Amino acid sequence: MLTENRNPGANEPSAETLKSWDREHFLHPWASMDTSASHDHMLVDGADGIYLWDSNGRRYIDGPGGMWCVQIGYGRQEMADAISNQVMKLPYTSPWTTTTEPSAVLAKKIAELAPGDLNNVFFTTGGSTAVDTALRAVHFLNNRLGRPGKKVVIAREKGYHGSTYLSATVSGKERDKTRFDVEKRLVHFIPNVNPYMRPDGTSVEDWCDEKVADLEKAILEVGPDKVGAFIAEPILCSGGVIVPPPGYHRRTLEICRKYDVIYISDEVVTGFGRLGHWFASKDVFDIEPDMITCAKGLTSGYLPLGACIISDRIMEQMSGPDNVLFSNGYTYSAHPVSCVAALKNIEIIEREEILERVRHNAPYFQERLSALSKFAIVGDARGMGLLGCIEGRTGREGSTLEAERDLGAKLDAACEELGLLVRPLINMCVFSPPLIITREQIDEMFDILEKALEQVSKELGF
């Protein structure tokens, strides 16, 4: 735990030097190319529990929980020991021709935790490659079954599924400017499912009917013989913690079954405890999908690891008497050190009853979140489990994207000044703190949010 200003030794670079090297040589994810050489990222120098310390010794609540991933919190000595021991025992072996105890045990454990007949685990390097693997499995299956045209993926606006070519293709964050190509022939987007966006006078039930109809309409428009899969996050997290209306997931799964469309549940964020269960698909939304993708909370961010979990039903169709290779894989698939980190992470979550703790604390977390709607600057305060989003509004008709970005930036800066990190998304800020957060720390977090909202409201004349 860091509590004092960073005081480098004679041979250690200063904070200013490190930031200079960062600006000159480190191209960050989602970097703004017109300002990448002048950015001033916070230099994080230590962490413990739910807190981070910067190089000046200032403490912050880690509102985003890393990148939706630090479930068990920072500073776990037993995690460090498990990782260290495995490094010394066996740091790496090829997943093409060998297996290891950690990967075999973890695959069995994930199969036990996953719902229904999802018993087949393909290990990847993270969430993007887990989604990429799921989509390639759809291609493989339909090629094998003699249906080479059944490849189109139905995806949702505001959905985010990753940064590889295929996973980016099915991501629908339409307000992000990009100069990257995607494979538009392989995707068809259906409209925003966010209940906050429904027209005045439209009930949540009617909105759900409309959104379910969007999926069936899209399948019929593209052609059931051409639609291979539907990919959906249980909660659209990077899109702004969008919680679809009750019953939506179950009804869309029924439509997928009707038209022989594979249902991929992207649980990269919601898996491993974020909603108080190992997986949200069955326990929260009452569905048993054909595939589940996961990452992030699988290791609590201590090491990179992802997985694509495939049902027995789909595996039976992918298998056959002829020797056809599923030629998909990564050098670091089933990395033994990452697998040990995942096993230790699961052990800690089970031993400390963290899932039960999330279910206990979530109602209070959501109560404090909902109370933020009292601010006129807040258009919507929504969430589920230990996920939350504040969507701000400028109060002006026809507000510009620039005005909304300004609002989000002001709220982000005010929170940071008060000791809370949030993740700004245009006019929204989202948060998914470590699952070990206590009730007292929930109050600390929302007290800061309230102060920040008061400050920004005054700045913008609300």
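The values are calculated or read from the model by the stated rules, or taken from the named source; none is laboratory data. Remember, predicted model here, so these are calculated numbers, not experimental data. All Cβ positions, even for glycine, are placed from backbone atoms using ideal geometry, and neighbour counts span all protein chains on display.
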**OP:** Enumerate the pairs (first residue in segment 122-139 and closer than 19 Å to L303 by Cβ; second residue anywhere and acidic (D, E) and in a helix (DSSP H, G or I)) with beta-carbon separation below 9 Å, excluding pairs fewer than 6 apart on the same chain, so at least 6 apart or on different chains.
**Re:** T124/D132
Original post:
Is one or more of the residues making up segment 66-80 without any contact (Cβ under 8 Å) to a residue 40 or more places away in the chain and more than 27 Å from I390 (Cβ to Cβ)?
Top reply: yes
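Residue by residue through segment 119-152, note down the ones that are aliphatic (A, V, I, L, M) and either within 11 Å of T293 (Cα to Cα) or part of a loop (DSSP other than H, G, I, E, B) (or both).
Taking segment 119-152 and keeping what is aliphatic (A, V, I, L, M), we get 121, 130-131, 134-135, 137-138, 141, 145, 152.
Of everything in segment 119-152, those that are aliphatic (A, V, I, L, M) and either within 11 Å of T293 (Cα to Cα) or part of a loop (DSSP other than H, G, I, E, B) (or both) turn out to be V121, A130, V131, A134, L135, L145.
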Original post:
Is there a residue in segment 399-415 that is under 21 Å from V44 (Cα atoms) and assigned to a loop (DSSP other than H, G, I, E, B)?
Top reply: no
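I'd like the full set of residues that are part of a helix (DSSP H, G or I) and hydrophobic (A, V, I, L, M, F, W, C), limited to segment 181-198.
First, the residues of segment 181-198 that are part of a helix (DSSP H, G or I): 184-186, 195-197.
Once the filter is applied, which keeps residues that are part of a helix (DSSP H, G or I) and hydrophobic (A, V, I, L, M, F, W, C), segment 181-198 yields L186, M197.
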**OP:** State whether the residues of segment 80-98 include one that is of a type outside the set (S, T, N, Q) and under 21 Å from the mean Cα position of the chain (by Cα).
**Re:** no
Original post:
So is L418 over 22 Å from the mean Cα position of the chain (by Cα), surrounded by fewer than 18 Cβ atoms within 10 Å (Cβ to Cβ) and not small (G, A, S) or not?
Top reply: yes
Original post:
In segment 303-332, what residues are buried (at least 22 other Cβ atoms within 10 Å of the Cβ) and within 23 Å of E101 (Cβ to Cβ)?
Top reply: L305, G306, A307, C308, I309, I310
Original post:
Do any residues in segment 18-31 that are modelled with pLDDT of 90 or more have Cβ atoms under 9 Å from those of residues that are outside any loop (DSSP other than H, G, I, E, B) and surrounded by 11 or more Cβ atoms within 10 Å (Cβ to Cβ), where the two are at least six apart or on different chains, and which pairs are they?
Top reply: H28/D22
**OP:** Sort through L113, L135 and tell me the only one that's within 20 Å of the chain's Cα centre (by Cα), modelled with pLDDT of 95 or more and surrounded by fewer than 19 Cβ atoms within 10 Å (Cβ to Cβ).
**Re:** L113
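Please return the ranges of helices (runs of 4 or more DSSP H) entirely within segment 310-384 where 1 or more residues are free of Cβ contacts under 8 Å to residues at least 24 places away in the same chain and within 28 Å of G73 (Cα to Cα). It would help to see each step written out before you state the result.
Numbers: elements: 312-318, 336-351, 354-370.
Because the criterion is at least 1 residues that are free of Cβ contacts under 8 Å to residues at least 24 places away in the same chain and within 28 Å of G73 (Cα to Cα), the helices (runs of 4 or more DSSP H) in segment 310-384 that meet it are 336-351, 354-370.
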**OP:** Go through segment 153-168 and give me each residue that's among the hydroxyl-bearing types (S, T, Y) and outside any helix (DSSP H, G or I).
**Re:** Y160, S163, T164
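Could you pull out the residue among V204, V182 that is at pLDDT below 95, over 30 Å from E316 (Cα atoms), surrounded by fewer than 21 Cβ atoms within 10 Å (Cβ to Cβ) and touching a helix residue (DSSP H, G or I) at 6+ places or on another chain (Cβ under 9 Å)?
On the way: V204 fails: at pLDDT below 95.
Answer to the check: V182.
Could you look through segment 375-407, keep only residues that are of a type in the set (D, E, K, R) and out of contact with any helix residue (DSSP H, G or I) (no Cβ under 9 Å at 6 or more places or on another chain), and pick out the one that is modelled with the lowest pLDDT?
Filtering segment 375-407 for residues of a type in the set (D, E, K, R) gives 380, 382, 391, 393, 396-397, 402, 404-406.
Cutting the leftovers down to out of contact with any helix residue (DSSP H, G or I) (no Cβ under 9 Å at 6 or more places or on another chain) gives us 397, 402, 404-406.
Details: E397: 61, E402: 86, E404: 89, R405: 89, D406: 91.
Checking each candidate, the answer is E397.
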